[in-house]
Structure formats: C-alpha cells, structure tokens
Amino acid sequence: MSKLLSYLATGINYLLIINLILLVEMILNAIIQHHDLHRYVPRNWKLPVVFSTLFAVIGSAIIFSYQNSNTSYVIGLFFIVAQSLIMLDYHRMLKRYIEDSWYLISTEISLTLSTVCSLAIIAIIILGLAWIDFK
C-alpha cells in the first residue's frame, strides 16, 4: 500500500508541474495575443489567469513542501479546486466571445488537468487515511 501511495504522490507531483508549465504557457500566450483578446473579449480577461496561476502556485508549493502530510494535501486540494473553478468560469466566459483559438484550447487543457490533479489528490488522501486506519 505504501508503494501505491508513493507512486500516486509522484504522479501528483508530475501533474502539478505540468499544470504550472501550462499556466505559464497561457500567460505567455495571453501576452502575445493581448490585442486580439482586448478586441474580442469585452470583459476583464486578465484577472482569472492571474488568480488561477496564483492558486496553482500556492497549492503546488504547499503540496511540494509538506509531501507526507494529509493536511498539506487537503490545503493544496482547496487551492487546486479553486483553480479548477476559476478556469471553468474563465473557459465559459471566453467561449462566448472566442470561437476557435489556441488560447481557448489551453483553458480546456488547464481545466482538465486541474480536475485530474484534484481527483488524484482526493485519491491519495483517501488511500492515506485507509492505510493509517488499517495498519
């Protein structure tokens, strides 16, 4: 059981790193396409990217710094779920104004990845509690 927890924790670390890389790519893409985004999206499109990245960095930092603590996974889960919800709202808002763009696809990928991270964190919390209880 501890090997499974170890593999799952390693998988979560890789998913979180990929999530952070993708968010950095979204920020760079937003900088490159900011004229188009200003023209087509009348609402504020900058804040959701900033808050989503901030929540992902905080959640990842908490999980990376206290790897073997269930408390760190619960707190990190809060931030990753908040990032998922912000990306869901952001994707819905962008979908109203943009039909086809790599930026819109990036939000879909980020939303999916943050949801998978959240589910993996929930799985490691449950498995960790089960392993402690039935030890």
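The values are calculated or read from the model by the stated rules, or taken from the named source; none is laboratory data. The model shown is predicted, which means the values in this text are computed figures rather than measured ones. Positions of Cβ are backbone-derived with ideal geometry, glycine not excepted, and every protein chain shown enters the neighbour counts. All accessible areas refer to the heavy atoms of the entire protein, side chains included, with ligands and DNA or RNA removed. Shrake-Rupley method; radii C 1.70, N 1.55, O 1.52, S 1.80 Å.
Find, among the trypsin sites (Lys or Arg not before Pro) in the stretch 25-57, those assigned to loop by DSSP (not H, G, I, E, B) with at most 14 other beta-carbon atoms within 10 angstrom.
Numbers: sites: ARG39, ARG43, LYS46; in loops: ARG43.
Answer by residue number: ARG43.
Taking only Cα atoms, what is the 0 to 90° angle, nearest 10, from helix 2-32's long axis to the longest principal axis of the chain?
10 degrees
Based on the Cβ-Cβ distance from ILE126 to ILE21, what FRET efficiency comes out when R0 is 41 Å, to the nearest 0.05?
Working: r = 27 Å, r/R0 = 0.67.
That gives a FRET efficiency of 0.90.
Rounded to the nearest percent, how much of the accessible area of the chain (1.4 Å probe, protein heavy atoms only) is carbon and sulfur? Don't jump to the answer; show the numbers that get you there.
Working: 5530 of 7830 Å².
Summing carbon and sulfur atoms, their accessible area is 71 percent of the total for the chain.
Between LEU15, LEU47, LEU119, where does the largest GNM mean-square fluctuation fall for the chain, given springs only between Cα atoms within less than 10 Å?
Most flexible of the set in this elastic network: LEU47.
Along its three principal axes, how long is the stretch 53-120 when you only count alpha carbons? Whole Å, largest extent first please.
Principal-axis extents of the Cα atoms in the stretch 53-120, largest first: 43, 19, 15 Å.
Skip the ligands, DNA and RNA, and give the accessible area per residue of the stretch 19-134 with a 1.4 Å probe, whole Å².
Values: 6490 Å² over 116 residues.
Accessible surface, normalised per residue, equals 56 Å².
Mean-square fluctuation check for the chain, GNM, Cα pairs under 10 Å: which of GLY11, GLY76, GLY59 is largest?
GLY11
Would you mind computing Rg(Cα) / (2.2 N^0.38 Å) for the chain, counting N as its residues?
Values: Rg = 16.6 Å, N = 135, 2.2 N^0.38 = 14.2 Å.
My calculation over the Cα atoms of the chain gives 1.17.
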